[in-house]
Amino acid sequence: MKIRHIHLEETNSTNDYIKTLALEQGEMVVVSTDWQTSGRGQGTNCWESERAQNLLFSVMAQPLCVSVQQQFVLSMAGALAIKEVLDQFSPYFSIKWPNDIYWHDRKISGTLIETSLARGQISRFVYGIGLNVNQQRFLSDAPNPVSLVQITGQPLSPMPLLNCIVQSFQQQLQLVQEGKTPLITTRYNASLFRSAGFHLYSDEQGLFEAEVVGVETNGLITLRDKQKQLRTYTQPHATNSPTANKLRFVL
């Protein structure tokens, strides 16, 4: 897969910028920046980042033969790409459903995924990613941020780290292209935050304890509570939600 990398000193949003670019068949485009003036997270959230201290980038590509019903496999692959690079620094990283990366119970990376559809399949997807690298102080009201420098005690050069993540994206997307969805799903579920044991959650009915059963390629997560009842939830901010009842992790 051919890689085209564009680095900007400043932009409003790497996702917005990358979507203005033409994408060749078999190409992956990466746009990174030192500073975003309008960086977005899920919903109405913003991503806090000091200038040139962290990784702010977007990845755009065209998957082959990924149906709308299974588009969450792209989210799984993207989360695995980031986690498997971060695993080189600590054994305590996990994927908090749907695609945040956590170290213990602290958030180090968030992803905003946008897709384009054609004839019932994904014609283009964009990952917008924020990864905390060298930031020491966080001033927003985000409850639990952490950075690599806080974890390792050593500052890191962001660009070599980005190159490793891009290579990991290539490897994960190759598995998608080869139709190895079961392998991606197995690895994703094994990497989940709170993958073992009972933990505290809440939904519209209130607090409850449950264990994770698994996440499917349609993005639905299923939990089993202590009364052996299965509870299934759609992704936060999903527009095609089968239920308005949203899952919240109690940290």
| field | helices (runs of 4 or more DSSP H) wholly inside region 106-217 that include at least 1 residues being among the basic types (Lys, Arg) and farther than 23 Å from SER58 by Cβ | value | 181-190
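Could you tell me which residue of region 233-251 is most open to solvent (accessible area, probe 1.4 Å), considering only residues that are among the polar types (S, T, N, Q) and at pLDDT 70 or above?
Here the residue is GLN235.
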| request: Select from region 74-97 the residues that are in contact with a helix residue (DSSP H, G or I) (Cβ under 6 Å, 6 or more places away or on another chain) and either modelled with pLDDT under 95 or not in a helix (DSSP H, G or I) (or both) and write down the one among them that is surrounded by the fewest Cβ atoms within 10 Å (Cβ to Cβ). | output: SER90
| said: Exactly one condition in (1) in contact (Cβ under 8 Å) with a residue 60 or more places away in the chain; (2) open to solvent by less than 50 Å² (accessible area, probe 1.4 Å); (3) closer than 26 Å to CYS65 by Cα is false for SER116; which is it? | reply: (1)
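Considering only residues that are of a type in the set (A, V, I, L, M) and open to solvent by 30 Å² or more (accessible area, probe 1.4 Å), which ones fall in region 151-174?
ILE151, LEU156, MET159
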| query | Here is a list of conditions, (1) surrounded by 18 or more Cβ atoms within 10 Å (Cβ to Cβ); (2) more than 16 Å from VAL85 (Cα to Cα), and PHE198 meets all of them except one; can you say which number that is? | reply | (1)
| task | Please find, within region 105-123, the residue that is nearest to GLN235 (Cα to Cα) out of those that are among the polar types (S, T, N, Q) and at pLDDT 85 or above. | result | THR111
| request: Please work out which residue is most open to solvent (accessible area, probe 1.4 Å), limiting yourself to region 25-50 and to residues that are modelled with pLDDT of 90 or more and assigned to a loop (DSSP other than H, G, I, E, B). | output: TRP35
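The values are calculated or read from the model by the stated rules, or taken from the named source; none is laboratory data. In this text the structure is predicted, and so the values were computed from the model without any measurement. All Cβ positions, even for glycine, are placed from backbone atoms using ideal geometry, and neighbour counts span all protein chains on display. We work out accessible area using only protein heavy atoms, side chains counted, and drop any ligands, DNA or RNA first. Shrake-Rupley method; radii C 1.70, N 1.55, O 1.52, S 1.80 Å.
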